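Asker: Structure incoming, see below.
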Amino acid sequence: MNAGAEKMAAGASQIPEVPSDLIAQLSAGVNQLYIGSQAVNAGTQKVSAGLQTLETSTTSFPQAAAGIKALNEGFDTLTANDKKLTSGAKNLKAAGKQITSALPQVKSGAGQLADGSETLTVGIKTYTDGVAKLAANS
C-alpha cells in the first residue's frame, strides 16, 4: 500500500498547476456562452412566433408560390440564353477584328475604284465627243 501511495505522490507532483487567472477567464467565457445561448433562445422564440404569424396570415401563399415558380422559370430562360449571348458577343468581337484588319484593303480598293471611275468618266466623255463628231460629219 505504501508503494501505491508513493506512486500517487510521484504522479501528483507531475500534474501541472493551472493558474487561477486562466480558470477565471474560462469561467468568464462560460458565462458569456450562457448569456449568448439565452439570446439565441429568445431569438429562436421570436422567429418561431414570426413563422406562426406568417403561416396564419398568408392566405394567398399558393398564388405567391406560383409567382415564385414563374419567376424562377423566367430566370432559367434568361440564364439559358446567357451562353448564346456570350457566344454571339464573341463572334461579333471576332468579326470586328476581321473588319478592322480588312479596312486597309477596303481603303485601297476604294482608291482604285475612284481612279477607275475617273478613267471611265474620261472614256465616256471621249466616246460621246466622238459620237457627236461622227454625227456632225455624217
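Laboratory data are not the source of any read-out in this text; all were calculated from the coordinates shown. Because the structure is predicted, anything quoted here is derived from the model rather than measured. Methodologically, a virtual Cβ is constructed for each residue, glycine included, from the backbone with ideal geometry; neighbour enumeration extends over all protein chains shown.
Asker: Taking region 123-138 as the region of interest, how many residues are surrounded by 10 or more Cβ atoms within 10 Å (Cβ to Cβ) and not charged (D, E, K, R)?
Answerer: The initial filter retains those residues of region 123-138 that are surrounded by 10 or more Cβ atoms within 10 Å (Cβ to Cβ), namely 123-133.
Still in the running and not charged (D, E, K, R): 123-124, 126-128, 130-132.
Result for region 123-138: 8.
Asker: Just to be sure, is Thr79 among the hydroxyl-bearing types (Ser, Thr, Tyr) and either surrounded by fewer than 10 Cβ atoms within 10 Å (Cβ to Cβ) or in contact (Cβ under 8 Å) with a residue 24 or more places away in the chain (or both)?
Answerer: Yes: the conditions hold for Thr79.
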